[in-house]
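One structure below.
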Amino acid sequence: MKTTLFALIVLLATPFALKAQESFHKFAPLPYAYDALEPNIDKMTMEIHYDRHHRAYYNNFLTAIKGTELEKTPMEAIFGNIGSASPAIRNNGGGYWNHEMFWNCMKPNGGGAPTGKLGEAINSAFGSFDNFKKQFAEAGTKRFGSGWVWLVKGSDGKLFITSTANQDNPLMNTEEKRGTPIFCLDVWEHAYYLKYQNKRADYITAFWNVVNWDYVQKRFEGGK
Ligand code: MN
């Protein structure tokens with residue numbers, strides 16, 4: 001009887017004990033299976049990208065902030081003062097946060113065009129959805145080396161496209177064009193090289209087929 005009671009207590013307490021060890025900065029599961037975006041984004045690329053690249057950024061970020069107040073500081077606040085942080089925090093913190101948003105910007109059977117207020121805002125800022133896609137893709141193909149393309153909501157509520165180098169993002173105080181990122185595309189070679197080799201433009205064309213516009217709409221309306 002005593003053993004049973006002890007086992008029961010251990011069983012009940014385990015989730016709390018595990019929770020206490022969890023980091024303030026979470027490593028979220030991929031919101032779909034590795035092969036869910038096939039044939040647009042292949043399974044092996046997704047697996048390596050999420051489980052090796054993304055995880056390494058996360059682990060290295062935690063190491064870089066160990067023992068500092070940043071262990072409990074929201075990412076947005078860290079980025080707002082990133083100019084005074086070490087390169088390890090900037091590169092790995094950016095890599096961690098950017099990728100999590102990127103996974104959410106995609107979904108199986110995605111694509112199509114944004115509707116509602118987001119659709120209206122895109123039309124108003126770029127003339128049409130097609131023009132937006134053209135400008136966004138251009139920003140991606142023109143980014144020299146490694147980086148990201150972003151659709152950003154400015155402090156005036158208007159949308160604009162920007163591109164950042166390495167793992168930087170538009171929340172960082174080192175960026176000239178800052179605002180709230182609502183949509184992003186990873187144009188590092190590791191995001192497409194296995195399937196598309198040097199053809200970054202083809203990768204971007206395929207990317208439109210998997211965009212999760214519901215998520216972008218949610219971010220546009222102030223959600224996360
Ligand atoms: Mn990446």
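Bear in mind these aren't lab numbers, they're just calculated from the coordinates by the rules spelled out. Note that the coordinates shown come from a computational prediction; the quantities given were computed from them, not determined experimentally. Cβ sites come from the backbone with ideal geometry, for glycine too, and all protein chains shown count toward neighbours.
Some observations on this one:
- Values of log10 I(q)/I(0) for the chain across q = 0.08, 0.15 Å⁻¹ run -0.33, -1.01, by the Debye formula with one identical scatterer at each alpha carbon and no solvent.
- For the residue pairs K43/K218; K43/K134; K107/K218; K142/K218, the alpha carbons lie more than 22 Å apart in K43/K218; K43/K134; K142/K218.
- Selection of GluC sites (Glu not before Pro), the range 145-224, meeting DSSP coil and at most 12 other Cβ within 10 Å: E176, E221
- For K66, a cut-off of 28 angstrom between C-alpha atoms picks up these lysines, skipping any fewer than 8 places away in its own chain: K19, K26, K224.
- Calculated mean residue ellipticity at 222 nm for the chain: -14000 deg cm²/dmol, from DSSP H runs with n ≥ 4 weighted as -39500 (n - 2.57), summed, divided by the residue count and rounded to 500.
- Packing, as the average of other Cβ atoms within 10 Å across residues, places the peptides 211-217, 29-35 in the order 211-217, 29-35, highest first.
- Size of electric dipole in the chain: Cβ of Lys, Arg +1 and of Asp, Glu -1, about Cα centre, debye, nearest 20: 200 debye
- Inter-part distance, the range 87-164 to the range 20-77, computed on C-alpha centroids, equals 19 Å.
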